[in-house]
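The block underneath contains the structure these notes are about, expressed in structure tokens.
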Amino acid sequence: MRDPWSILIKPIITEKSYQEASGEEPKYEFKVRLDSNKQEIKKAVEQAFSVKVKKVNVMRIKGSPRRVRSPLYGKTSQWKKAIVTLESGHKIDLF
């Protein structure tokens, strides 16, 4: 098993994620490594924050085209987002 912080890159803190975290079954969003899977993400969150994870949803965010210089186009890098649902009664203090 890899170090939990090598799998979890950073939490995603937005207004929507703040509202989801304050619900009965709190959901937290993390930017994770591209080569990680649901089982690794679940173990990493449980080890890093000492909570019980109920479910993990994962999605890949494709890179989008961006203008770099006036005639040239580039692309943002792709990344992976994990939405982690915790058991009721558990909470992560991110905010």
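Please treat every number below as a calculation from the coordinates, not as lab data. No experiment lies behind these values; they were computed from the predicted model shown. Backbone-built Cβ (ideal geometry, glycine too); neighbour counts: all protein chains shown.
The Cα-based radius of gyration and maximum Cα-Cα distance (Dmax) for the chain are 15.3, 54 Å.
Placing R0 at 41 angstrom, the Cβ-Cβ distance between residue 50 and residue 70 gives a FRET efficiency of 0.20 after rounding to 0.05. Annotation: amide H of residue 33 within the under-5 Å range of 9, sequence separation 5 or more or interchain, hydrogens built in the peptide plane. The aspartates and glutamates whose alpha-carbon is closer than 12 Å to the alpha-carbon of residue 52, local same-chain residues fewer than 8 away aside, are 25, 87. Each Lys or Arg adds one and each Asp or Glu subtracts one; over the other residues with Cβ under 13 Å from the Cβ of residue 14, this totals +2.
What is the Cα centroid distance between segment 48-95 and segment 5-45, reported in whole angstrom? Comparing the Cα centres of segment 48-95 and segment 5-45, I get a distance of 7 Å. Return the subset of 54/81; 16/80; 55/75; 54/80; 54/75 for which the Cα-Cα distance in this structure is over 25 Å, preserving the input order. Checking Cα-Cα distances, 55/75; 54/75 exceed 25 Å. Among the trypsin sites (Lys or Arg not before Pro) in segment 44-95, those placed in a DSSP loop whose Cβ has at most 15 other Cβ atoms within 10 Å are 52, 62, 91. Over the chain, Cα pairs under 8 Å with separation of 6+ residues give a relative contact order of 33 percent. Within the shell of other residues whose beta carbon sits under 15 angstrom from the beta carbon of residue 24, the net charge comes to +2, with Lys and Arg scored +1 and Asp and Glu -1.
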